[in-house]
Amino acid sequence: MLQIKDVRKQYRTGDFVQRALDGVSLNLRDNEFVAILGPSGSGKTTLLNIIGGLDRYDSGDLVINGTSTKQYRDRDWDSYRNHTIGFVFQSYNLIPHQTILSNVELALTISGVPRAQRRQRARRALAQVGLGEHVHKKPNQLSGGQMQRVAIARALVNDPDIVLADEPTGALDSDTSVQIMELLKEVARDRLVVMVTHNPELAQQYATRIVNLRDGRIVDDSDPYEIDEAGREPAVHRTMGRASMSLGTAIALSFTNLRTKMARTVLTSFAGSIGIIGIALILSVSTGVNNYIASIQRDTMTAYPISIDARSWDFQSILEGAASAGDEAPAGHDTDDAIHADDSGFTQASTITSSIAQNNLTAFKRYLDDPDSEIHRYVGSNGIHYSYDVKYSVVSRDPDGTLVDADGVTFSGGSSSMASRMATNMGMMNETSDVTSMQMSMLTGEEDENAAPSAFGEIMPGDADDQLISPVVTDNYEVVAGAWPASRDEVVLVADRNNEIPLTVLYELGLLPATDYEDLIDRLDDGEQIEEQDITVDYGRIMDQTLYLIPACDQYVRGDDGRYSYVGDDPEQMAALAENAMRLRIVGVVRPTPDADTTDISGTVGYTHALTDYLIDYTADSAVVADQEASPDVNVLNGMTFSPADDATKAADARTYVAGLGVTQKAQLAASLMAQAGGAADGAAGAGTGYAGTGAAAAGAGAEEALAQQLDAYLATADDATFVAIYDDYVSTGDYDDNLDAFGVISRDAPSSIRIYCDSFEDKDGVSEAIEHYNDDASEEDRITYTDYVGALMSSVTTIVNVITYVLIAFVAVSLVVSSIMIGIITYISVLERTKEIGILRAMGASKRNVSSVFNAETGMIGLCSGLIGIGVTLLLLIPGNAVLHHFMGTDEVSGVLPVQGAVALVVLSVVLTLIGGIIPSRKAARQDPATALRTE
Ligand code: ADP
Ligand code: MG
């Protein structure tokens, strides 16, 4: 039993107030067929919507089975519509993209009835209206009458107490109208049917009661139902419980919806994916560029490791000094008042000399060996490498059989010519990156005669113990003949990209006749212009050549008197030593690959770390080193005491010294003593020996002999004081440490240089910082000075790299914003488009939350599709994109790659953005007034 009590409803449009219902009171029996008649605009639809809970009354009451709806909440209304009411509309209001069956199922779907049961009940309802065969058709495949029957089946499927029909035959021809009326009459047999119609005949024919409405008032009722209000209990409020729809149902509903509108969904997703594609492409390119930058940084850092030498000079401060000594007048100068001295040359020179620093690498190596040191956080994949100044000579035989020294071609002294040194250095400078040691000797003027030949360099070893050659080297060099060295006695020749090796080195290795070289040097010294010539040496010849390696310690030969003498300058002795020396085999020729980033081998002849190791051990075990270590007070080279205690020892040592001199040396000593005596005559300066030889002016070969004899004669009678004076002026006892140094003794704790490899500029800065911290903690003399070549040369590159990165990030951010706005708009349009459908859902009893969750599920799925399409399209676009990139960059080192995490993040982002973009529209959808929504066409 339904009671409508003095219900009023008015619509306000601007200032105009339309009274749709003006105090309607009507009691309806549980089982009757009521027809409501009235002209258009008289409030029939409004009354029906209020009875069906689609619209709210302004005042009055609707009492359902004795329960007032005054305090109904949204969910009570939802439940009421879902369980108690079935709607049939003039325009059918079927959801066009769902099958007949799904349309009928809708009310059950909303109330969460399981699928199988849903199916069964829907089929039964369809059979009931005579449409059993058409279940899988879409609404637009049916005739009007059939559609209206589907609508009736849908209204009946939940077996409601009340069926409301708003002009159900309004759009049908008279034959079909009759069929529908028959059906409704059937329906009304066991329930209340309220039907609005224009057609009084049909009403007359089928309805059991006719109510006439005019201007929102009931003007006539054929069969009023009076209730004895006095005997009844007053209407009470009772909650109905809710129509429930799970999230799973919402997703399933939206999924079928999306599936039935496949093309549309794909298009929408594609539109949404454009933003994602943009971001993914930018992400790919920026990842590619970043990878490239990282690899460039790694390569740069391989070419320019942080290099710390035992003796180092601060390149940076010199650079800065040079930069500041520009044309600008120094501050505080009045440029017009007088001539000012330009002392920049001196200040620069002083900067250079004061920049030379000794580094205690032993202490620093201890720091590096400690695995807990801060610096290890920044050290890159190529690790830390220690170099040692092993000392050795290499000799060989040239094609004529002449013994050739790799450090100066022949033993005849031609090598000391300035021109040849320059030629050699120029050649080496083109070849090697390790110019520091050469620059050092140029700066300090110190020359170490026992040092290894400059053409020889150790090849960077790999990190693993058994890896003689680092992958960095094998990656950047190609073997043009032979192979890489595999043992300590194997070396490779390192050519440049044009397969060239400095001419001097070819001479020094005995690959070309030494006489040609001397010829060349002579011409150079004569100031002749030397033409380019094409000299070639074939690989076979190179690999046939034997090199003899003579460690420095072996070049000190023990004489009969038990003293060692240096034979490194004596060709015969060297030839004898070579006979028993270690033979180095040239096993291959390598050159940098065309795209090599770093040419790390610092020499033309590369040997392995194994040789360095061997030489260190060999020297430590050699006889001369053992003997010197056994007598730390006496110099094994001259038998003299290192630090004599008294004059007697000094005099004795001086005698020994003079006795050991040859004729020429004696003559020189005599000449020097005479000159000193001459100087002393002017004053008291100099201890002076009082020696004044005669006939010193005599020239010629005989003169030397005469001088020597005179000296001998003089010294034969000289006293100890004279010898002490000679001792002080001429005798050098040497130094224990210098001796060991000359023999080539090396402690593994004291590298000559340390190279620290980093993978990126950032890590390099980290290493610099770690060294700074080390310096802060270290004592004054243990502080490390080093040259940061990369820091000096690359700081602008780092800035550019950072700018590029920031620009890319900005691009990504902009496309993000654009993409989310676009997705929001698309969702909004989709909501507008489906207003009607929302009305239908609400009429079937879907709650606001149901509607918004259906929309959210749908936008979420569209977001997922957008994301997946975006990623897919990006991956496809990257194929031609990379080809274009490679073409324009001229290198295939920059490739756009979409990182997996990035792809996943973008899909998630797409879903999240679509959901956010869809929240406002789906809220709007949920809030939509169902009555208004249904009126929308
Ligand atoms: P009927 O179904 O009898 O033709 P309605 O119940 O649809 O009439 O409408 C009754 C009156 O209320 C009409 O004058 C109509 O213009 C007005 N009306 C209905 N719905 C609205 C609305 N949402 N906003 C403003 N006026 C409305
Ligand atoms: Mg109407």
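The numbers here are math on the coordinates, done by the rules we state, and not lab data. Not measured: the values here are computed from a predicted model. Cβ coordinates were reconstructed from backbone atoms using ideal geometry, including for glycine residues, and neighbour counts include every protein chain displayed.
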Practice task
Place a +1 charge on the Cβ of each Lys and Arg in the chain and a -1 charge on the Cβ of each Asp and Glu, then give the dipole magnitude about the Cα centre in debye, rounded to the nearest 20.
Solution key: 13620
Completion exercise
For segment 85-237, inverting the pair-averaged 1/r of distinct alpha-carbon atoms gives a Kirkwood value in Å of 16.7
Exercise for the section: Express in nm, to one decimal, how much length is gained between Ala630 and Gln10 on full extension, taking 0.36 nm for each residue of separation and deducting their alpha carbon distance. Expected result: 211.1 nm
Completion exercise
Rounded to whole angstrom, the alpha-carbon centroid of segment 867-884 lies from that of segment 54-107 at a distance of 49
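As an exercise, identify the trypsin sites (Lys or Arg not before Pro) in segment 165-221 lying in DSSP coil whose Cβ has no more than 13 other Cβ atoms within 10 Å.
On the way: sites: Lys185, Arg189, Arg191, Arg209, Arg214, Arg217; in loops: Arg189, Arg191.
Taking segment 165-221 and a limit of 13 other Cβ atoms within 10 Å, the loop trypsin sites (Lys or Arg not before Pro) found are Arg189.
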Exercise for the section: For Lys137, go through the aspartates and glutamates and keep the ones whose alpha-carbon is under 16 Å away, minus same-chain ones fewer than eight residues off. Expected result: Glu105
Practice task
Rank-order 628-638, 91-101, 75-85, 254-264 by packing density, defined as the average count of other C-beta atoms within 10 Å over each peptide's residues, highest first.
Solution key: 75-85, 91-101, 628-638, 254-264
Handout entry: All-pairs alpha carbon distance profile, segment 1-77, 5 Å steps from 0, percent
Key = 4, 13, 25, 27, 18, 9, 3, 1, 0
Problem - Mean-position separation - Cα centroids, segment 620-677 and segment 905-937, in angstrom - result: 102
Practice task
Give the calculated FRET efficiency between Asp30 and Asp175 to the nearest 0.05, with a Förster radius of 30 Å applied to their Cβ-Cβ distance.
Solution key: 0.40
Handout entry: the chain: relative contact order as a whole-number percent, Cα under 8 Å and 6+ apart
Key = 18
Problem - Above-threshold pairs, the threshold being 26 Å between Cα atoms, out of Lys391/Lys764; Lys9/Lys836; Lys261/Lys924 - result: Lys391/Lys764
Practice task
Using just the alpha carbons, could you tell me how many Å³ per residue the convex hull of segment 504-644 encloses?
Solution key: 211
Handout entry: Charge sum, other residues only, whose C-beta stays under 12 Å from Gln358's C-beta, Lys/Arg counted +1 and Asp/Glu -1
Key = -2
Exercise for the section: Please work out the C-alpha center-to-center distance from segment 475-509 to segment 180-232 and express it in whole Å. Expected result: 110
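Mean residue ellipticity at 222 nm from the helices of the chain, using -39,500 (n - 2.57) per DSSP H segment of n ≥ 4 over the full residue count, to the nearest 500 deg cm²/dmol? Can you show the working numbers first?
Numbers: 32 runs with 461 residues, N = 937.
Value at 222 nm, helices only: -16000 deg cm²/dmol.
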Exercise for the section: Set the Förster distance to 35 Å, then compute FRET efficiency between Glu528 and Glu705 from the Cβ-Cβ distance, nearest 0.05. Expected result: 0.35
Exercise for the section: Pull up the cross-link candidates among the aspartates and glutamates for Lys650, meaning alpha carbon to alpha carbon under 19 Å and not fewer than 8 places away within one chain. Expected result: Asp633, Asp712, Asp719, Asp720, Asp728, Asp729, Asp735
Exercise for the section: Report the calculated FRET efficiency for Ala883 and Arg124 (r = Cβ-Cβ distance, R0 = 60 Å), to the nearest 0.05. Expected result: 0.45
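Could you calculate the contour length gain from Arg541 to Ile920, that is, 0.36 nm times the residue separation minus the distance between their Cα atoms, to one decimal place in nm? Provide the component values of the computation, followed by the final result.
Values: separation 379, 0.36 × 379 = 136.44 nm, distance 8.34 nm.
Gain on stretching Arg541 to Ile920: 128.1 nm.
Using C-alpha positions alone, give me the convex hull volume of the chain per residue in cubic angstrom.
Taking only Cα atoms, the chain has a hull volume of 322 Å³ per residue.
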Problem - Length added when fully stretched, Asp570-Ser752, from 0.36 nm per residue minus Cα-Cα - result: 62.7 nm
Handout entry: P(r) histogram, all alpha-carbon pairs of segment 270-312 included - 5 Å bins from 0, percent
Key = 7, 18, 14, 11, 11, 9, 8, 7, 5, 4, 2, 2, 1, 0
Exercise for the section: Just add up the charged neighbours of Gln18: K/R +1, D/E -1, any other residue whose Cβ is under 10 Å from the Cβ of Gln18. Expected result: +3
Exercise for the section: Stick to the Cα atoms of segment 815-937, pair each with every other, and give me the Kirkwood hydrodynamic radius in Å at one decimal. Expected result: 16.4
Practice task
Only Lys, Arg, Asp and Glu count, each charged at its Cβ (+1, +1, -1, -1), so figure out the dipole size of segment 503-633 about its Cα centre, rounded to 20 debye.
Solution key: 600
Fill in the blank from the handout: Length-normalised contact order of segment 829-937, Cα under 8 Å, at least 6 apart, in percent, tallies to 53
